[in-house]
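Everything on this sheet refers to the single structure shown next.
Where a number appears in this text, it was derived from the coordinates with a stated rule and is not lab data. Remember, predicted model here, so these are calculated numbers, not experimental data. All Cβ positions, even for glycine, are placed from backbone atoms using ideal geometry, and neighbour counts span all protein chains on display.
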Amino acid sequence: MPGKGSWNGKWSGEGNLYAKVRKFSSSKKNQANPFLKEDTYSFSWPDGWSASVNVKEIDSATARKVNKASRGFCGYDWMIDSILSKGYITAD
């Protein structure tokens with residue numbers, strides 16, 4: 001949460017890892033390539049809050065570590081779905 005519209009400029013989840021791993025089978029790996037061209041996708045709300053989703057390719061061992069360390073994705077999976085379906089984040 002790079003933009004924080006809270007009274008104290010902080011987010012209660014700051015300092016935690018919030019990650020979601022999406023697996024592309026080897027036969028569909030080329031489908032992921034367009035999304036890997038951008039490493040960060042951003043979205044802003046009118047109230048001053050904004051979010052960034054970082055995208056990168058990782059191997060299965062790293063994916064297991066990330067999944068274990070992650071505290072979920074705070075209900076923002078719709079951002080990933082938007083990136084995968086439209087190429088950018090939209091709240092539509």
For Trp45, Trp78, ascending order of other Cβ atoms within 10 Å (fewest first) is Trp45, Trp78
The Cα extents of the range 26-86 along the principal axes, largest first and rounded to whole Å, are 40, 27, 16
